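Peer 1: I am attaching a structure below and will ask some questions about it afterwards.
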Amino acid sequence: MHREYSIMDRVGSHIESVTRRRDAKQALFSAFSVVAMLCVTALLAQPHFMQEPVEVNAVTEPAPVSTAVPAATPEPFRQNEEYDLILVNGEVKIPGDFELRTRVFDGVEVNTVMYDALCRLMDAGRADGCRLWVASGYRSVDKQAEILERAVQNRIKDGMSEADARADALLTIQKPGHSEHHTGLAVDFNDVSYTFENSFEYAWLKENAAKYGFVERYPADKAETTGIEYEPWHFRYVGEAHAKRMDKLGVCLEEYLSLLEE
Ligand SMILES: [Zn+2]
């Protein structure tokens, strides 16, 4: 009996201990499940957990609180539909689909659109005693790249570093694609120098150019708007009506285009 009891007892206690272990396992499993659920809940509560890698150093300093309103993304520039009013400057590149035909005036290629007006302007100037000549007209993007590269190389020869040479050259030479000469609607007069500013020819142009559809493109007082330093020798064809209006309003092309948009 004792033995029997003892066996039964042992079997019983074995069953009991298995049951206890199973209970303990179940309890452990349940506890683990709760912890796991809590972890998942906590992680899901952090909205950027899945998207952003954790930065090790990100927590060393509190993020500065910005009160500034974020700047709106500027809308891409839309060209005016009129061909004569095409804008090309430091920010606006010549459109890839811009088409032009050129004709040679006195050895210089210009856009056929302004050829006749240029002839009339030059004739009128001559009749009034001007010694005017066109030094530069249409220039391709490749040609502009070549001019810029030559200027950079010259500065490097003079001892500048490549980066300084490029930055310095870009102060006076437009990036390829950003020169108004690509349109064929711009001309540089005479010796393309600041002595032109004091000439009779410059005074005559300021007085008369608009009658033939031309405007001084980079006046001294508009440098901030045009992004180009004063260039008394550079004139731009915009057509008679626009030139006269711009002259009257005293606005540069950038300002004029903004006015037309309103
Ligand atoms: Zn020019």
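Peer 1: What FRET efficiency do you get for Ala72 and Arg126 if R0 is 41 Å and r is their Cβ-Cβ distance, rounded to the nearest 0.05? Intermediate values should be presented prior to the final figure.
Peer 2: Numbers: r = 51 Å, r/R0 = 1.25.
E(calc), rounded to 0.05, equals 0.20.
Peer 1: Beta carbons within 10 angstrom, averaged per residue: use that to sort the peptides 137-144, 235-242, 122-129, highest first.
Peer 2: Numbers: 137-144: 17.5, 235-242: 21.1, 122-129: 13.5.
Output ranking for 137-144, 235-242, 122-129: 235-242, 137-144, 122-129.
Peer 1: Note down the nm distance, to one decimal, between modelled labels 7 Å out along Cα→Cβ at Asn208 and at Asp142.
Peer 2: Simple spin-label model gives 3.8 nm for this pair.
Peer 1: Could I have the simple spin-label model distance between Tyr194 and Lys244, label points 7 Å from Cα toward Cβ, reported in nm to one decimal?
Peer 2: Simple spin-label model gives 3.6 nm for this pair.
Peer 1: For the residues Glu75, Glu229, what sequence is obtained by ranking on other C-beta atoms within 10 Å, fewest first?
Peer 2: Details: Glu75 6, Glu229 10.
Ranking Glu75, Glu229 by Cβ neighbours within 10 Å, fewest first, gives Glu75, Glu229.
Peer 1: Mind ordering 244-256, 160-172 by average Cβ neighbours within 10 Å, highest first?
Peer 2: Numbers: 244-256: 16.5, 160-172: 13.4.
The most tightly packed comes first, giving 244-256, 160-172.
Peer 1: If you don't mind, there's one more thing I want to ask. Using modelled amide H (1.01 Å from N, peptide plane; none on Pro or chain starts), what sits under 5 Å from the amide H of Thr102, excluding residues fewer than 5 places away?
Peer 2: Under 5 Å from the amide H of Thr102 lie the amide H atoms of Thr112, each far enough along the sequence or on another chain.
Peer 1: Hey, another quick one. Show me the ranking of peptides 214-227, 88-101 by mean Cβ neighbours inside 10 Å, starting with the highest. Let's see the in-between values first.
Peer 2: Values: 214-227: 17.2, 88-101: 13.8.
Peptide ranking by packing, descending: 214-227, 88-101.
Peer 1: Can you give the Rg/Rh ratio of the range 130-241, where Rg is from the C-alpha atoms and Rh is the Kirkwood radius?
Peer 2: Details: Rg = 15.2 Å, Rh = 15.1 Å.
Value, to two decimals: 1.01.
A short reminder: the numbers here are calculations on the coordinates, not readings from a lab. Quick caveat: nothing in here was measured; it's all calculated off a predicted structure. Glycine gets a Cβ as well: all are built from the backbone with ideal geometry, and neighbour counts include every protein chain shown.
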